[in-house]
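Encoded as structure tokens, the structure appears first; notes follow it.
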Amino acid sequence: MNRRALIALPALALPKLALAQAGRPAARGRVDPAVVQRVEAYFNGLTTLRARFTQVAENGATAQGTALIWRPSRMRFDYDPPEPTLLVAADNQFFHYDRALREPTVVPVNSTPLGVLLRNPLRLSGDVTVTETERGGGLMRVTVRRTSAPEEGSITLILDDDPPALRQWAVLDAQGRTTRVTLHNVELGVRLDPFQFQFNNPRFREELEQAR
């Protein structure tokens, strides 16, 4: 599994299954402002989310885990063993930790595709550009990239249409590799523990070490 693919800034392609369900897609490159507005409204109304996720890499390798989103600034992806990866976003930073190697890496949230989901308020304009939207078959799809760095790739968000609900995203990185993440058993409005996102807290690091 490409452990960094989830946070590398890429472009998401709609999975073939979702395209089949969506029916005839809109012309490539067409942007529907109504779809953009509905996606923005959904995320700006989202507080907390907990879900199981399945990640599929370009080479077919898969991994599963638990995803936590606490808008507007926090996110956590805890992978099931044997995948040793932990990803945590908070305080405008993205923390990547390899439990096997005990190696932490920290990058700015805005340099990752998922940083789009943590904007407050979420506005898909200005320093990010919507390159394409599709709507049909009960789904909405929006592809976004950083305006100043299109070569880094983009992220495609796939939501149920009515009512809007995040179901999947896909990331296409600068090397042309696509990683898809699908959410299952989604719970909204759940109570989350703030400590789960405090990777700058020394006790957080100590507990990671003790978990090994």
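Checking residue 131 against (1) buried (at least 19 other Cβ atoms within 10 Å of the Cβ); (2) touching a Lys or Arg at 6+ places or on another chain (Cβ under 8 Å), which test does it fail?
(1)
For segment 128-154, enumerate the residues that are in contact with a helix residue (DSSP H, G or I) (Cβ under 8 Å, 6 or more places away or on another chain) and either within 17 Å of residue 44 (Cβ to Cβ) or of a type in the set (Gly, Ala, Ser) (or both).
128, 130, 136, 137, 138, 140, 142, 144, 153, 154
For segment 88-105, check the following and say yes or no: at least one residue is assigned to a strand (DSSP E or B), of a type in the set (Lys, Arg) and either closer than 15 Å to residue 196 by Cα or in contact with a Pro (Cβ under 6 Å, 6 or more places away or on another chain) (or both).
No.
Mind counting the residues in segment 67-83 that are touching a residue at least 24 places away in the same chain (Cβ under 8 Å) and outside any strand (DSSP E or B)?
Looking only at that region, the number is 4.
Going by the structure shown, is residue 192 touching a Leu at 6+ places or on another chain (Cβ under 8 Å), outside any strand (DSSP E or B), under 26 Å from residue 99 (Cβ atoms) and not β-branched (Val, Ile, Thr)?
Criteria met by residue 192.
Identify, by number, the condition in (1) at pLDDT below 90; (2) closer than 23 Å to residue 97 by Cα; (3) over 14 Å from the mean Cα position of the chain (by Cα) that residue 112 doesn't meet.
Going through (1) at pLDDT below 90; (2) closer than 23 Å to residue 97 by Cα; (3) over 14 Å from the mean Cα position of the chain (by Cα) one by one, residue 112 breaks only (3).
Hey, can you tell me all the residues within segment 118-145 that are small (Gly, Ala, Ser) and farther than 16 Å from residue 33 by Cα? Steps first, please.
Our first condition is that a residue be small (Gly, Ala, Ser); within segment 118-145, this holds for 125-126, 136-138.
137, 138, listed by residue number.
Let's see how each residue does on (1) over 17 Å from residue 199 (Cα atoms); (2) assigned to a loop (DSSP other than H, G, I, E, B); (3) out of contact with any strand residue (DSSP E or B) (no Cβ under 6 Å at 6 or more places or on another chain); (4) of a type in the set (Phe, Trp, Tyr):
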position	(1), (2), (3), (4)
110	yes, no, yes, no
117	yes, no, yes, no
121	yes, yes, yes, no
124	yes, yes, no, no
135	yes, no, yes, no
141	yes, no, no, no
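Considering only residues of segment 107-128 that are over 20 Å from residue 30 (Cα atoms) and of a type in the set (Gly, Ala, Ser), which is surrounded by the fewest Cβ atoms within 10 Å (Cβ to Cβ)? Before you say what the answer is, go through the steps one by one.
Going residue by residue through segment 107-128, those that are over 20 Å from residue 30 (Cα atoms) are 107-122.
Remaining after also requiring of a type in the set (Gly, Ala, Ser): 111, 115.
Working: 111: 15, 115: 21.
Selected residue: 111.
Do we have any residue at all in segment 25-47 that's buried (at least 18 other Cβ atoms within 10 Å of the Cβ), in contact with a Phe, Trp or Tyr (Cβ under 7 Å, 6 or more places away or on another chain) and either in a loop (DSSP other than H, G, I, E, B) or among the small types (Gly, Ala, Ser) (or both)?
No, the conditions are met nowhere in segment 25-47.
The values are calculated or read from the model by the stated rules, or taken from the named source; none is laboratory data. This is a predicted model, so every value here is computed, not measured. We place every Cβ from the backbone using ideal geometry, glycine too, and count neighbours over all the protein chains shown.
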